[in-house]
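Q: Have a look at the structure that comes next, please.
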Amino acid sequence: MTIINTRADLDAIKGTPAHAEFMRLLRGTMTTMTDTRTYPENYGKPEYKGPKLDPVWVEVESLETITRFGFTKEDLMQESPDMGGEVSAQES
């Protein structure tokens, strides 16, 4: 197992399957699913007596992780073109 904590660690394994896998995972951090529903006070607590509300999931761009590794969004897309330039987020 290769431990990658910094951009230097990542650059040291460039051209390897571990590098390609890390780049795939790094691209996956570029978006997150966020619940934008506004919930009433006490929702989710035993004393709440109102109706169950479904979350409203919205995909939100989040570049903090790639920035930590010294990438911009454009850099990362160019560094890993094999993924087709698309990033998809999955609901969990």
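The values are calculated or read from the model by the stated rules, or taken from the named source; none is laboratory data. Keep in mind that what you see is a predicted model, and the values were worked out from it rather than measured. Neighbour counts run over all protein chains shown; Cβ positions are idealised from the backbone, glycine included. The area values use the complete protein model at the heavy-atom level, side chains included, leaving out ligands, DNA and RNA. Shrake-Rupley method; radii C 1.70, N 1.55, O 1.52, S 1.80 Å.
Q: In terms of the Cα gyration tensor, with a ≥ b ≥ c the square roots of its eigenvalues, is the chain rounded because a/c is under 1.5, prolate because a/b exceeds b/c, or oblate?
A: On the way: a/c = 3.35, a/b = 2.65, b/c = 1.26.
Taking the square roots of the gyration eigenvalues as a ≥ b ≥ c, the chain is prolate.
Q: Here is a follow-up. Given the options Phe71, Leu53, Leu25, identify the residue whose Cα lies farthest towards the positive end of the charge dipole of the chain (+1 on Cβ of Lys, Arg; -1 on Cβ of Asp, Glu).
A: Result: Leu53.
Q: Test of understanding: extend the Cα→C-beta vector of Leu63 to 7 Å, then name every residue of the stretch 31-47 with backbone N under 18 Å from that spot.
A: 31-33
Q: How big is the dipole moment of the chain about its Cα centre under a simple scheme where the beta carbon of each Lys and Arg is +1, that of each Asp and Glu is -1, and everything else is neutral? Debye, nearest 20, please.
A: Numbers: 10 positive and 16 negative charges, 55 e Å.
Taking the Cα centre of the chain as origin, the dipole is about 260 debye.
Q: When the accessible area of the stretch 1-62 is computed with all protein chains present and a 1.4 Å probe, what percentage of it is carbon and sulfur? Spell out each step's value before the answer.
A: On the way: 2500 of 4440 Å².
Carbon with sulfur: 56 percent of the solvent-accessible area.
Q: Ok, one more. Relative to the longest principal axis of the C-alpha atoms of the chain, give the angle of the C-alpha long axis of helix 17-28, reported between 0 and 90° and rounded to the nearest 10°.
A: 30 degrees
Q: Taking amide hydrogens as modeled 1.01 Å from N in the peptide plane, which residues meet the under 5 Å criterion relative to Thr31, leaving out close sequence neighbours?
A: For Thr31, whose amide H was placed from the backbone, the distant partners under 5 Å are Ser62.
Q: Rounded to whole Hz and in sequence order, give me ³J(HN,Hα) for the stretch 56-64 from the Karplus expression 6.51 cos²θ - 1.76 cosθ + 1.60, θ = phi - 60°, writing x for Gly and Pro.
A: Here the 3J(HN,Hα) series is 10, 7, 10, 7, 10, 6, 9, 9, 4 Hz.
Q: Another question about this same structure. Mind checking the full-extension length gain between Thr32 and Ala8? Use 0.36 nm per residue of separation minus the Cα-Cα distance, one decimal, nm.
A: Numbers: separation 24, 0.36 × 24 = 8.64 nm, distance 2.58 nm.
Contour length minus the Cα-Cα distance gives 6.1 nm.
Q: Please identify every one of the chymotrypsin sites (Phe, Trp or Tyr not before Pro) in the stretch 1-62 that sits in a loop by DSSP and has no more than 14 other beta carbons within 10 Å of its own beta carbon. If you can, show how the numbers build up before the last one.
A: On the way: sites: Phe22, Tyr43, Tyr48, Trp57; in loops: Tyr43, Tyr48.
Those that pass, being in a loop and sparsely packed, are Tyr43, Tyr48.
Q: Along the positive direction of the dipole of the chain (beta-carbon charges: Lys, Arg +1; Asp, Glu -1; about the Cα centre), which of Thr16, Thr36, Met1 reaches farthest?
A: Final value for the positive-end residue is Thr36.
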